[in-house]
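The values are calculated or read from the model by the stated rules, or taken from the named source; none is laboratory data. As the structure is a computational prediction, the values presented were derived from the model and not from experiment. Positions of Cβ are generated from backbone atoms using ideal geometry, with glycine treated the same way; all protein chains shown enter the neighbour counts.
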Amino acid sequence: MIRPIVLYGAPVLRQKASPVSPEDPELPRLIQDLWDTMYNADGVGLAAPQIGVSKKVFVVDARQLQSPEEEPFKGVFINPKILSTDPVCAPYEEGCLSIPGIRERIYRPVGVEVEYLDENLVLQRRHFTGIVARVIQHEYDHLIGQLFIDYLSPLKRQLLRRRLKEITAGQVEAPYPLQYVGRAH
């Protein structure tokens, strides 16, 4: 089911998400809703807090951004833990479905090692690089209450202030359903 994407300013986007019980009978439905909502919004990743569910789960399908020589990646991350990040960082222009209309150059580690349960509830431990590592870090941030704009300089955030206020007030449009849930404190 396609769910509305929660807009910047909603408290759920700044909360630390709760671990998911693998026995949770709602987990398969949540994962399917994340896929449906992400694809409807033409995204490459989506975390549960972005649909108003404060649980540690996100989905990634980076295939449309990956280069032809990379192995295509699509996956589910349940209760992920970032174990380490590469020391080298690189810039990339990021956006977020919860912050429509804003894209900014963000520096992130080029690689990340993650431990997580996959969609079959099998424990995985993998090192990801490139665009897949970036999308994973972006979505993981949603589980710890961080957003990509938190990586911007104070000056850059100040320059975006008016646009962020418009988003917080629900005064934006996107080609996918949005949910305004009120301002974060």
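Quick check, is TYR116 among the aromatic types (Phe, Trp, Tyr), exposed (fewer than 14 other Cβ atoms within 10 Å of the Cβ) and at pLDDT 95 or above? No, not satisfied.
Look at the range 115-128: where a residue is on the phi > 0 side of the Ramachandran plot and a partner is of a type outside the set (D, E, K, R) and modelled with pLDDT under 95, sitting 6+ places away or on another chain with Cβ atoms under 7 Å, you get LEU121/PRO22.
Taking the options GLU113, GLU104, GLU119, name whichever one is in contact with a His (Cβ under 6 Å, 6 or more places away or on another chain) and not polar (S, T, N, Q). Please lay out each step first, then the result.
Details: GLU104 fails: in contact with a His (Cβ under 6 Å, 6 or more places away or on another chain); GLU119 fails: in contact with a His (Cβ under 6 Å, 6 or more places away or on another chain).
Checking each option against the conditions leaves just GLU113.
May I ask you to say which residue of LEU143, LEU160 is touching a residue at least 40 places away in the same chain (Cβ under 8 Å), surrounded by 12 or more Cβ atoms within 10 Å (Cβ to Cβ) and under 17 Å from the mean Cα position of the chain (by Cα)? Let's see the steps before the verdict.
Values: LEU160 fails: under 17 Å from the mean Cα position of the chain (by Cα).
It is LEU143.
Of the residues contained in the range 59-74, none is found to be part of a loop (DSSP other than H, G, I, E, B), in contact (Cβ under 8 Å) with a residue 12 or more places away in the chain, buried (at least 19 other Cβ atoms within 10 Å of the Cβ) and on the phi > 0 side of the Ramachandran plot. Of everything in the range 20-46 that is assigned to a helix (DSSP H, G or I) and in contact with a helix residue (DSSP H, G or I) (Cβ under 8 Å, 6 or more places away or on another chain), the residue that is surrounded by the most Cβ atoms within 10 Å (Cβ to Cβ) is LEU34. Per the listing PRO91, PRO100, PRO49, the residue uniquely assigned to a strand (DSSP E or B) and surrounded by 15 or more Cβ atoms within 10 Å (Cβ to Cβ) is PRO100.
Please verify whether the range 126-136 includes one or more residues that are more than 22 Å from MET38 (Cα to Cα) and either among the small types (Gly, Ala, Ser) or more than 13 Å from the chain's Cα centre (by Cα) (or both).
yes
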